[in-house]
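A.B. asks: Quick one: this structure, given as structure tokens, is what I'll be asking you about.
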Amino acid sequence: MIEFDRVTFRYHDRPDPVLADVSLTVGEGELVLVAGRTGAGKSTLLGAVNGLVPHFTGGHLGGTVAVAGVATHTRPPREFAHLAGVVGQDPLAGFVTDTVEEELAYGMEQLGLAPQVMRRRVEETLDLLGIADLRRRALRTLSGGQQQRAAIGSVLTTHPRVLVLDEPTSALDPTAAEDVLATLARLVHDLGATVLLAEHRMERVVPFADRMLYLPGDGSVVDGTPAEVLRGTPVAPPIVELGRLAGWEPLPLSVRDARRRAGPLRAALGPPPARPDAPAAAPVLRAEGIVVRYGPTVAVRGVDLDLHGGRTLAMMGRNGSGKSSLLWALQGSGPRQGGAVRVDGRDPGDLGAGAARALVGLVPQSAADLLYLETVAAECAAADHESAAAPGTCRTLLDRLAPGIDGDRHPRDLSEGQRLSLVLAVQLTAAPPVVLLDEPTRGLDYTAKAALAGIVGTLAGEGRAVVIATHDVEFVATVADRVVVLAEGEIVSDGRAADVLGGSPAFAPQVAKVLGEPWLTVADVRAALPEAVR
């Protein structure tokens, strides 16, 4: 179905090829996971499937990429719409209509399908993705995860033979991600669709994948089954790292496989890791009775929240539960119809933008909107200047998150993960007493997330309060002291990370699912094993 024949691709402004002499074939009815570090070339590989690379991106493509026997260099990308449907990293950038229902129908209209066929497919797709209640909602009013499901639906309605998805579950809560992946698996098994899917959160996708393509970053592609490829990759999901630690062979790819073999490991574990007690100091931020409405919709319902210095709080909940709205209300830039926020005796909502940022910093979901200069170096220099930080502070933070980014590159030419890393570095340069991060791991690989965890730990160690709104349960297990779960704008759970995550079937990390409470991470398990067993 998809064939790469000695493909080499090089961007005009980069001396080294992103893809170097790549040859591979993806057959009909396969679900293929594409993995690799941020900037390794995953998006380039996916874009070559429907001709966006090089027709849209520019650059030089050598060799041949063909879909269903049609070479992509012979036709413009629009003529591959019926063969290959593409969902990019930023769903909002790809929308062309106003409402969910219109967006689902738009692609079929361009293909000239009959109205009754269009109506049936729209209804089927709304049900498949669980978004029937959003059909008449304006796309720009949806949460990030809801927008992502709408984008996937707009591609599914055209019934393409190949689905190409770039980070399709990055903004989805765990349950919604499982639903989307199960839907893709049904399309593969029941309809013979071919799915090519790039995803940093490999723990979500590996159980569904037939094959795995790993890009080391040197232009080559490692091709094999997930078990074969993950045996030697430097990045791996937690369940594979646990298998490596325990010496299991073959490596487990699902929680079920790991639980069947976990008895001896569980018996060998020593005392569980110590968890921090509740802080005794006064909070650095106190919020009381926060209410946020958008017309008749109540996004946040009278929330009370205290944030303490030196602690990291994770804010979780299904898509649309009010996490982002609450963060914006705390920062002072977003709407707030009720309640008050106090930081150092002042309410950020009563201050100008600069004064508010000095109290509470916020990195939004659409982080790239904060980038406005021509080069990475200029963005870093501006961040140092505006924050009165030592020259090079921002660049040092960026190199910890995503090393090796050329300072002369334009921020819009970076991958999604690289752009997010740049914005994180810009915002963290100022490091106000309260730092709010909205989906900061979106687009980041395991290595970059580990670096981000180190930065979050440093911020907390300096006495700052850090809040992370995220669906990434593995990252939460690594960095959070406390977890708050929201539902319909209200806090429904608030407690220590081990208590909230370990007791939740939806939010439990993989290690907790295998070994039970209070084990959350592979690092916890490694520390509890006797020296002779490690």
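The values are calculated or read from the model by the stated rules, or taken from the named source; none is laboratory data. Quick caveat, the model's predicted, so the values are computed rather than measured. With ideal geometry, Cβ positions are generated from the backbone for all residues, glycine too; neighbour counts draw on all protein chains shown. Just so you know, the surface numbers come from the protein's heavy atoms only, side chains and all, with ligands and any DNA or RNA stripped out. Shrake-Rupley method; radii C 1.70, N 1.55, O 1.52, S 1.80 Å.
A.B. asks: Given the structure, is LEU46 closer than 16 Å to VAL195 by Cβ, touching an Asp or Glu at 6+ places or on another chain (Cβ under 9 Å), open to solvent by less than 50 Å² (accessible area, probe 1.4 Å) and modelled with pLDDT under 90? Write out each step before concluding.
C.D. replies: Details: closer than 16 Å to VAL195 by Cβ: yes; touching an Asp or Glu at 6+ places or on another chain (Cβ under 9 Å): yes; open to solvent by less than 50 Å² (accessible area, probe 1.4 Å): yes; modelled with pLDDT under 90: no.
Here the answer is no, as LEU46 does not meet what is asked.
A.B. asks: Output the number of the condition that VAL303 fails; it satisfies all remaining conditions of (1) under 24 Å from VAL479 (Cβ atoms); (2) part of a helix (DSSP H, G or I); (3) in contact (Cβ under 8 Å) with a residue 12 or more places away in the chain.
C.D. replies: Against the list (1) under 24 Å from VAL479 (Cβ atoms); (2) part of a helix (DSSP H, G or I); (3) in contact (Cβ under 8 Å) with a residue 12 or more places away in the chain, VAL303 comes up short only on (2).
A.B. asks: Output the residue which, of all residues in the stretch 7-43 that are of a type in the set (Ser, Thr, Tyr) and part of a loop (DSSP other than H, G, I, E, B), is modelled with the highest pLDDT. Break it down into steps so the answer makes sense when it comes.
C.D. replies: Narrowing the stretch 7-43 to residues of a type in the set (Ser, Thr, Tyr): 8, 11, 23, 25, 38, 43.
In the following step, the residues that additionally are part of a loop (DSSP other than H, G, I, E, B) were identified as 11, 38.
Values: TYR11: 89, THR38: 79.
Here the answer is TYR11.
A.B. asks: In the stretch 81-104, what residues are in contact with a Phe, Trp or Tyr (Cβ under 7 Å, 6 or more places away or on another chain), touching a residue at least 40 places away in the same chain (Cβ under 8 Å) and not in a helix (DSSP H, G or I)? Talk me through it step by step, then tell me what you get.
C.D. replies: To start, the set of residues in the stretch 81-104 that are in contact with a Phe, Trp or Tyr (Cβ under 7 Å, 6 or more places away or on another chain) comprises 96-97, 103.
Filter once more, so that each one left must be touching a residue at least 40 places away in the same chain (Cβ under 8 Å): 97, 103.
Hit for the stretch 81-104 is THR97, nothing else.
A.B. asks: Continuing with this model, one more query. If I go through the stretch 59-91 residue by residue, how many of them are farther than 16 Å from LEU111 by Cα, among the small types (Gly, Ala, Ser) and at pLDDT 85 or above? Spell out how you get there, then give the answer.
C.D. replies: The first filter runs over the stretch 59-91 and keeps only residues farther than 16 Å from LEU111 by Cα, leaving 59-75, 87-91.
If we keep only those that are among the small types (Gly, Ala, Ser) too, we end up with 59, 62-63, 66, 68-69, 71, 88.
Pick out the ones that are also at pLDDT 85 or above and you get 59, 62-63, 66, 68-69, 71.
Residues in the stretch 59-91 being farther than 16 Å from LEU111 by Cα, among the small types (Gly, Ala, Ser) and at pLDDT 85 or above: 7 in total.
A.B. asks: Moving on to the next point. Would you mind stating whether VAL284 is β-branched (Val, Ile, Thr), surrounded by 19 or more Cβ atoms within 10 Å (Cβ to Cβ) and closer than 30 Å to VAL18 by Cα? Give the steps one after another, and end with the answer.
C.D. replies: Details: β-branched (Val, Ile, Thr): yes; surrounded by 19 or more Cβ atoms within 10 Å (Cβ to Cβ): yes; closer than 30 Å to VAL18 by Cα: no.
It is false that VAL284 is β-branched (Val, Ile, Thr), surrounded by 19 or more Cβ atoms within 10 Å (Cβ to Cβ) and closer than 30 Å to VAL18 by Cα.
A.B. asks: Right, here's the next one. Keeping to the stretch 253-263, report how many residues are surrounded by 11 or more Cβ atoms within 10 Å (Cβ to Cβ) and either without any contact (Cβ under 8 Å) to a residue 24 or more places away in the chain or more than 30 Å from the chain's Cα centre (by Cα) (or both). Reasoning before the result, please.
C.D. replies: Quick first cut of the stretch 253-263, residues surrounded by 11 or more Cβ atoms within 10 Å (Cβ to Cβ) only: 253-262.
Still in the list and also either without any contact (Cβ under 8 Å) to a residue 24 or more places away in the chain or more than 30 Å from the chain's Cα centre (by Cα) (or both): 256-257, 260-261.
Summing the residues that are surrounded by 11 or more Cβ atoms within 10 Å (Cβ to Cβ) and either without any contact (Cβ under 8 Å) to a residue 24 or more places away in the chain or more than 30 Å from the chain's Cα centre (by Cα) (or both) in the stretch 253-263 gives 4.
A.B. asks: Inside the stretch 171-196, can you point out the residues that are outside any helix (DSSP H, G or I), over 21 Å from ASN50 (Cβ atoms) and β-branched (Val, Ile, Thr)? Working first, answer last.
C.D. replies: Here is the first cut: in the stretch 171-196, the ones outside any helix (DSSP H, G or I) are 171-173, 192-196.
Now restrict to residues that are over 21 Å from ASN50 (Cβ atoms): 171-173.
Hits for the stretch 171-196: nothing passes.
A.B. asks: Residues that are surrounded by fewer than 21 Cβ atoms within 10 Å (Cβ to Cβ) and in contact (Cβ under 8 Å) with a residue 60 or more places away in the chain: which helices (runs of 4 or more DSSP H) entirely in the stretch 346-436 hold 2 or more of them? Break it down stepwise before answering.
C.D. replies: Working: elements: 353-359, 376-386, 393-401, 416-430.
So the answer is 353-359.
A.B. asks: List the pairs whose first member sits in the stretch 105-131 and is open to solvent by 100 Å² or more (accessible area, probe 1.4 Å), whose second member is not β-branched (Val, Ile, Thr), and whose Cβ atoms are under 9 Å apart, counting only residues at least 6 apart or on separate chains?
C.D. replies: GLU109/MET118; GLN110/ARG78; GLN110/ALA81; ARG119/ALA105
A.B. asks: Taking the stretch 197-213 on its own, how many of its residues are charged (D, E, K, R) and assigned to a strand (DSSP E or B)?
C.D. replies: Result for the stretch 197-213: 1.
A.B. asks: Residues that are out of contact with any helix residue (DSSP H, G or I) (no Cβ under 8 Å at 6 or more places or on another chain), open to solvent by less than 40 Å² (accessible area, probe 1.4 Å), part of a strand (DSSP E or B) and farther than 22 Å from ALA299 by Cβ: does the stretch 66-75 have at least one?
C.D. replies: yes
A.B. asks: Same structure, new question: Could you list all residues from the stretch 433-472 that are among the small types (Gly, Ala, Ser) and within 13 Å of the chain's Cα centre (by Cα)? Step through it out loud before you land on a result.
C.D. replies: Filtering the stretch 433-472 for residues among the small types (Gly, Ala, Ser) gives 443, 448, 450-451, 453-454, 457, 460-461, 463, 465, 469.
Passing the criteria: GLY443, ALA448, ALA469.
A.B. asks: Scanning for something among the aliphatic types (A, V, I, L, M) and either modelled with pLDDT of 90 or more or surrounded by 13 or more Cβ atoms within 10 Å (Cβ to Cβ) (or both), does the stretch 269-277 turn up at least one residue?
C.D. replies: Taking the stretch 269-277 as the starting set, the residues that turn out to be among the aliphatic types (A, V, I, L, M) are 269, 274.
From what's left, either modelled with pLDDT of 90 or more or surrounded by 13 or more Cβ atoms within 10 Å (Cβ to Cβ) (or both): 269.
Yes.
A.B. asks: Moving to a separate point now. Can you work out which of the residues in the stretch 152-166 that are open to solvent by less than 10 Å² (accessible area, probe 1.4 Å) and part of a helix (DSSP H, G or I) is modelled with the lowest pLDDT?
C.D. replies: ILE152
A.B. asks: Residue by residue through the stretch 309-345, note down the ones that are open to solvent by 30 Å² or more (accessible area, probe 1.4 Å) and either without any contact (Cβ under 8 Å) to a residue 40 or more places away in the chain or out of contact with any strand residue (DSSP E or B) (no Cβ under 8 Å at 6 or more places or on another chain) (or both).
C.D. replies: GLY320, TRP328, SER333, ASP344, GLY345
A.B. asks: What is the residue count in the stretch 473-508 for residues that are more than 20 Å from the chain's Cα centre (by Cα), β-branched (Val, Ile, Thr) and open to solvent by 40 Å² or more (accessible area, probe 1.4 Å)?
C.D. replies: Counting residues in the stretch 473-508 that are more than 20 Å from the chain's Cα centre (by Cα), β-branched (Val, Ile, Thr) and open to solvent by 40 Å² or more (accessible area, probe 1.4 Å) gives 2.
A.B. asks: In the stretch 209-229, which residues are within 30 Å of ARG14 (Cα to Cα), touching a helix residue (DSSP H, G or I) at 6+ places or on another chain (Cβ under 9 Å), surrounded by 20 or more Cβ atoms within 10 Å (Cβ to Cβ) and among the aliphatic types (A, V, I, L, M)?
C.D. replies: MET212, LEU213, LEU215, VAL221, listed by residue number.
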